[in-house]
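These notes are about the structure you will find just below.
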Amino acid sequence: MSETTKVGIIACSGEEIAAGTISRLATRRVLELLRPQTTVTLCLPLFLAGEEQERRFARQHPTITVDGCEKLCAKRGTEQYSGQVAASLVVSDILGDRVATCHRSARDFDRSDEEAVWLLAERIAVEVDTLSAAHSTTDADADRTASACGCACGGQPAQGNLRLDGKTVTVNGLPLIFDQLFRMGVVPDDNQADRLLNAVRVYHAIEAHEDDWYRNAVAQAYTSYYRGRTQPDVPADALLGN
Amino acid sequence: MIDVRPDVTEEFLMASNGPTDQVLVIPCSGIGKVHGLISREAVYRVTDALMPGHADTVCLALLVTGDAETREKVRHHPCITVDGCPKLCARKNVEMTGGEVALGVRVYDTLKRHRGAQFGSPTSLSDQGWQAVEEIAEEITQTVHQVVLK
C-alpha cells in the first residue's frame, strides 16, 4: 500500500454510551497494534472545529466509520463535512447484546469490555484489509515485516516470533492474541489448533499452502505461552521468541 | 487552568426564566493522546459519582451532526466543556449550537502543572493520570455546585 492511501478510521465520539468507548478503544487497537502501517485517524468533532486540512480527510483516505449506535454520527458527520465513506460499521450491529454488559468508563472495565474491544477491532481490521487490497499499490510484504509503529503513540507494536520450517517469522500482536485466548480459557490441545490458527490469521497474512506450518508453529508457541502463564517460573515473553 | 465565566450562570438563569437543576458536562472526543481520555474520565467521575442527577453528558458528535434533541438540550442547560487540546472542539461545537459555556476546562493546561508526570496513553491511564482525572473532576464539581445549588 502506498503511503498516501492509508485507510482512515473515524470512531464514534459517543461519550454518552458504552458503545462509544468500545468504538474508540477498538480503533486505537487497530491503529497501534493490528494495522499500524496502514491506518490513520481523526477526531470526529474536528470536522466542525478544525480547518480545511481536517475536512480533506475522507477525500484523501478511504475511510471506515465505526459508529456506536444507529444514529450513525460518524458516518453522517464524515460525509457531511469531509467526503463519502468507504465502509460503515455499527458497534451494536456487530456486538449485539454484548454491548449491554459494557461500560463507558475505564474505571469499570471488565472481561466483557475486553472481549468486545477485541471482537470489534478484528472486524475493523478485516475491513481495513479489504480496502487496503483494493487500494494496494506496493508490495504487501513491506507492511508485514515492518516493525515501527506508525501511529502517534511513538511506541512499538507488541510482537512475537514463530519458528516456521527453519525460519523465524514475526507476528504483530502475537502476545496479545495469546493473552486474549488465555483469558477466554483456551487450553492448548489438538482440538484447538484450527482455532489458534484462525485467530493469528486475522492479524497476519497466511497463504493457503502455509496452513500446516503455521498450525503447528502457532500450537507449539501457544503451548509454551500457556505453560508460562500457568507456571510462573517460566517467562512467557521468552517463549514467544522475544 | 480553568476558563471561568462566572457571569454566564447569572446570564443563563435570567435568560431561562429560573434556576436549573442540571448541568451538561461535555468532554472532548480526542483519541490521539491521553488528554481526551482524561477529559472523558473526569466527566464520568462527575456524572456518575460526584454529582449524579445534577450533571449529565451528551455525545459531542450529536452536536456535530445537528441532532435536534441534543441541540435543544444544550441550548436549555448550562454547559461545562472539557477539552483535551487547543482545538477546543467541545467548546466550539457547543458555542456554534447556541449553548452557553459556564466553564471551559482545558485539560492540557491542567496537565502542564504536573511537569514530568506520565499520565498514560490514549487507551489507559497511569496512577498520575487518574490523579489528574480527580483534580479536574473536583474543579468541574465546584462549578456544578455553584450552578445548581445556589
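Structural remarks
- One residue stands out in the range A:31-46 among those that are under 20 Å from B:Cys89 (Cα atoms) and out of contact with any His (no Cβ under 7 Å at 6 or more places or on another chain): the one that is surrounded by the most Cβ atoms within 10 Å (Cβ to Cβ), namely A:Leu44.
- Scanning the range A:43-66 for residues that are under 22 Å from B:Ser121 (Cα atoms) and out of contact with any Gly (no Cβ under 7 Å at 6 or more places or on another chain) yields A:Pro45, A:Leu46, A:Val66.
Here is a yes/no grid of residues against (1) surrounded by fewer than 24 Cβ atoms within 10 Å (Cβ to Cβ); (2) within 7 Å of chain A (Cβ to nearest Cβ):
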{"site": "B:Val46", "(1), (2)": "no, no"}
{"site": "B:Met51", "(1), (2)": "yes, no"}
{"site": "B:Leu63", "(1), (2)": "no, no"}
{"site": "B:Ala68", "(1), (2)": "yes, no"}
{"site": "B:Arg75", "(1), (2)": "yes, no"}
{"site": "B:Ile80", "(1), (2)": "no, no"}
{"site": "B:Leu88", "(1), (2)": "yes, yes"}
{"site": "B:Lys92", "(1), (2)": "yes, yes"}
{"site": "B:Glu100", "(1), (2)": "yes, no"}
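- So A:Ala49, is it among the small types (Gly, Ala, Ser), on the phi < 0 side of the Ramachandran plot and surrounded by fewer than 24 Cβ atoms within 10 Å (Cβ to Cβ): yes
- Residue within the range B:61-84 that is among the small types (Gly, Ala, Ser), more than 16 Å from B:Gln142 (Cβ to Cβ) and in contact (Cβ under 8 Å) with a residue 40 or more places away in the chain present: yes
- Of all residues in the range A:31-53, those satisfying the criterion of being free of Cβ contacts under 8 Å to residues at least 24 places away in the same chain and either of a type outside the set (Gly, Ala, Ser) or outside any helix (DSSP H, G or I) (or both) are A:Leu46, A:Gly50, A:Glu51, A:Glu52, A:Gln53.
- Among the residues of the range B:105-150, those identified as touching a strand residue (DSSP E or B) at 6+ places or on another chain (Cβ under 6 Å) and within 13 Å of chain A (Cβ to nearest Cβ) are B:Ser126, B:Gly129.
- Residues in the range B:105-128 that are within 17 Å of the chain's Cα centre (by Cα) and not hydrophobic (A, V, I, L, M, F, W, C) were compared, and the one that is modelled with the highest pLDDT is B:Arg106.
- Residue check for B:Cys59: facing chain A (nearest Cβ under 8 Å) and at pLDDT below 95: yes
- Residue within the range A:102-125 that is among the polar types (S, T, N, Q), more than 29 Å from A:Pro175 (Cβ to Cβ) and surrounded by fewer than 20 Cβ atoms within 10 Å (Cβ to Cβ) present: no
- Put simply, of A:Thr223, A:Thr138, A:Thr170, A:Thr130 the only residue that is modelled with pLDDT of 80 or more and in the same structural domain as A:Val40 (by TED's automatic domain parsing) is A:Thr130.
- Exactly one residue among A:Arg98, A:Arg35 is modelled with pLDDT under 95, more than 18 Å from A:Ser132 (Cβ to Cβ) and among the basic types (Lys, Arg), and that residue is A:Arg98.
- Any chance A:Leu72 is closer than 30 Å to B:Leu24 by Cα, surrounded by fewer than 20 Cβ atoms within 10 Å (Cβ to Cβ) and among the aliphatic types (A, V, I, L, M): yes
- Matching option when the condition is modelled with pLDDT of 90 or more and not in a loop (DSSP other than H, G, I, E, B), among A:Arg59, A:Arg28: A:Arg28
- Residue match in the range A:106-115 (condition: more than 17 Å from A:Arg28 (Cβ to Cβ), in the same structural domain as A:Cys12 (by TED's automatic domain parsing) and under 18 Å from the mean Cα position of the chain (by Cα)): yes
- The range A:31-53, residues that are more than 8 Å from every other protein chain (Cβ to nearest Cβ) and within 22 Å of A:Gly83 (Cα to Cα): A:Leu31, A:Thr38, A:Thr39, A:Val40, A:Leu42, A:Glu51, A:Glu52, A:Gln53
- Restricting attention to the range A:9-30, the residues that are surrounded by fewer than 24 Cβ atoms within 10 Å (Cβ to Cβ) and more than 10 Å from every other protein chain (Cβ to nearest Cβ) total 1.
- Conditions (1) touching a residue at least 60 places away in the same chain (Cβ under 8 Å); (2) more than 10 Å from every other protein chain (Cβ to nearest Cβ): number failed by A:Ala58: (1)
- The residues listed here are B:Ala49, B:Ala102; of these, the one that is of a type in the set (A, V, I, L, M, F, W, C) and either within 25 Å of B:Phe119 (Cβ to Cβ) or free of Cβ contacts under 8 Å to residues at least 12 places away in the same chain (or both) is B:Ala49.
The values are calculated or read from the model by the stated rules, or taken from the named source; none is laboratory data. Since we're looking at a predicted model, the values are computed, not measured. As a convention, Cβ positions derive from the backbone with ideal geometry for all residues, glycine included, and neighbour counts pool all protein chains shown.
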